[in-house]
1. For PHE462 and ASP126, compute 0.36 nm times the residue count separating them, minus their Cα-Cα distance, and round to one decimal in nm.
2. Between the range 469-512 and the range 353-382, what is the C-alpha centre distance in whole Å?
3. Residue separation times 0.36 nm, minus the C-alpha to C-alpha distance between ASN427 and GLN145: what's the value?
4. Please identify every one of the trypsin sites (Lys or Arg not before Pro) in the range 551-603 that sits in a loop by DSSP and has no more than 10 other beta carbons within 10 Å of its own beta carbon.
5. Pairs to check: LYS511/LYS581; LYS395/LYS590; LYS174/LYS220; LYS117/LYS181. Give those whose C-alpha atoms are more than 23 Å from each other in this structure.
6. Taking the beta-carbon count within 10 Å as an exposure proxy, list ARG137, ARG538, ARG285 from fewest neighbours to most.
7. In the range 354-461, which GluC sites (Glu not before Pro) are in a loop and have at most 11 other Cβ atoms within 10 Å, using DSSP for the loop call?
8. Taking the Cβ of each residue in THR601, THR393, THR460 as the centre, tally the other Cβ atoms inside 10 Å and list the residues starting with the fewest.
Amino acid sequence: MLDFKKKKRDFDLEPHEILLDRLAKEKEREMNISEKRLEKPFLFPFYLLLSLLFLLFSFYCLRLFWLQIIKGKDYLFLSQANQYYFLKTEAARGIIYDQNLVQLSFNKKTFDLVCEKSKFSKGEIDSSLELLSQILRQNKEELEQKIKDEKEQFLVFQNLDQKSLILLQINLEKIPACSIKESFGREYREGETLAHIIGYLGLPSKDEIQQNPEISPFDKVGKEGVEKFYDQILREQKGEIKVERDAKGKVLKQEVVKLPQSGNNLVLWLDFELQKKIKEVLEKRMLEVGAKGGAAVAMDPETGGILAMVSLPSFDNNIFSRPLSEKEWSEFQKKFRDGFQNRAISGQYLLGSTIKPFIAIAALEEKIVSPKTTLYCPGEIEIPNPYFPEIKTIKKDWTIHGLVDLEKAIAESCNVFFYAIGGGYKNQVGLGPTKIKNYLQLFGFGSLLPIDLPLPSFATGFLPDPKWKKEKLGEDWWDGDTYNLAIGQGYILATPLQVATAYSSLINGGKLLKPMVVKEILDSKKNVIQEFSPQVIRENFISSESLSIVKEGMKRAVTGEGAPHATAILLNSLPKSAGAKTGTAETFRKDCPDCYNFWITVFAPYENPKIVLVLMLEDVKGYKTQVLVPVAKEILDWYLAKDKN
């Protein structure tokens, strides 16, 4: 039987509970509180939270769209760039040889200190600079300034010495912004002997980097000479290694993308032993006579090949193989302040009697003289003033030559003869300044020669004329100006290279050849890649008869045949016959009163010339004779004997 009473009691309310419930509702009415109003404060925060979550989700979706769709390719590229990086591997620069394959340049492994600006943390920069200052023995403030001035990655120190290298390797962990970079440097055989023709290496300029994007600020490029002109040929091709790493920077794989390739090699026309001999003998003579400087060019007249090129004073190009302190650089400049100019190709000098064979050719070609024409030389000529005839200008010769023909005039360097055929005198018709200039231009004077060396644009020499004198000096051209021009005085200027090139064309039958320094290009296995053949600038512009007559006059300057005052008779004892022409030019400069430039040009053997040798000494104080003839003799005695052996 079910117990209904018990069940009912479970749900019945006690009287006091009913009373309390009624009192509570009355209290709510008194306080104006209802169940409906109690629910509202809980709905508002819920909707606010929901709105915020929606906005955050929308922002997240938009950002995701921006990163994945709009910027996806960019970030993929950056990700891959972070995953992969490339290492450059070094190769060797090409070697330079002389014509006998004597090695003139050598590669040596060097180490440079490179730093990255962004990796210098503020807390570590002071201690890093202090440590670098001690190791490199450099001023801390200078290093600090370098960091401020340079871009992201920059070279701190080039070609570290062994002590600095070891100390840096030990302390690299303390300077994480820096690393040691391996590269190649250069050393040269007998630096002062070859400095001007070979040149040297240095860091690239901003212009050089812009012109060639493959060059980095830490690469070494040719700065002068062959190193600069043939920089593209000699320069090595760096290799590339692709390195893959994980997110933590751990290297996963390395792959060779490009193998390093050494630069090509050069073979010069230069004979190193001849170069050394010329420098040794000419430098000795330069010191003996107190000359300011000197130059020499030896050329093969059949090819235009430069057998030797000397400029004095010189400098040691090996000095640039290591970094120089300010003190060392200052001392270097004091010692070699006049040595950087290559006088052989850019020094421009009065020629003196060196010009006379070309004046003789012009006179023969214009038929104002013949080989049999004779003039009497009393040792001077008198030029009357056109306005005051009683006033006369006297142009002296260096001696009384008596009766002279063209060949004897060349052999004895008779000024009076060349005054007459250059400017006219008494019954002798002269060439005049315009014709003289035209013929000299045919031989390459007054223009920039196309040699394979860096050549400054001003190295053209100079050929004066009446128009120039009127425009620049505001003066008329006088007969005296023509007389001066005919003997290489006055305003005419030329470089030793121009003289060698002009004489080569006179000697080889009338072919003006491009002077060449490089003979061949070889690959790393010494196979010939390219051979440079003689290049003719101009030919057949002078008759062979005129050339032959002038060459004979140069031969008589050596043999003395029919020329008792022959200027180069000392050369008559050479192992082989030769022809020569000397020259002396008074400079007439205020800063060097009574100063002279001395020249000699010799070719040998006479029958089949293999060498044209031009020697010049600059600013020798006081007139002297036979200044360079003994120098030429010593050089050619050695060279022709060597050639015979």
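1. Working: separation 336, 0.36 × 336 = 120.96 nm, distance 5.87 nm.
115.1 nm is the gain from fully extending PHE462 to ASP126.
2. Taking the Cα centre of the range 353-382 as reference, the centre of the range 469-512 is 15 Å away.
3. Details: separation 282, 0.36 × 282 = 101.52 nm, distance 7.68 nm.
Extra length from ASN427 to GLN145 when fully extended: 93.8 nm.
4. Values: sites: LYS551, LYS555, ARG556, LYS576, LYS581, ARG589, LYS590; in loops: LYS576, LYS590.
Loop-located and lightly packed - LYS590.
5. Values: LYS511/LYS581 20 Å; LYS395/LYS590 21 Å; LYS174/LYS220 28 Å; LYS117/LYS181 16 Å.
Going by Cα-Cα distance, LYS174/LYS220 fall outside the 23 Å limit.
6. Working: ARG137 12, ARG538 15, ARG285 20.
So the ranking, lowest neighbour count to highest, is ARG137, ARG538, ARG285.
7. Values: sites: GLU365, GLU366, GLU380, GLU382, GLU390, GLU407, GLU412; in loops: GLU366, GLU390.
Passing sites in the range 354-461 are GLU390.
8. Details: THR601 29, THR393 13, THR460 19.
Lowest count first: THR393, THR460, THR601.
Laboratory data are not the source of any read-out in this text; all were calculated from the coordinates shown. As the structure is a computational prediction, the values presented were derived from the model and not from experiment. Backbone-built Cβ (ideal geometry, glycine too); neighbour counts: all protein chains shown.
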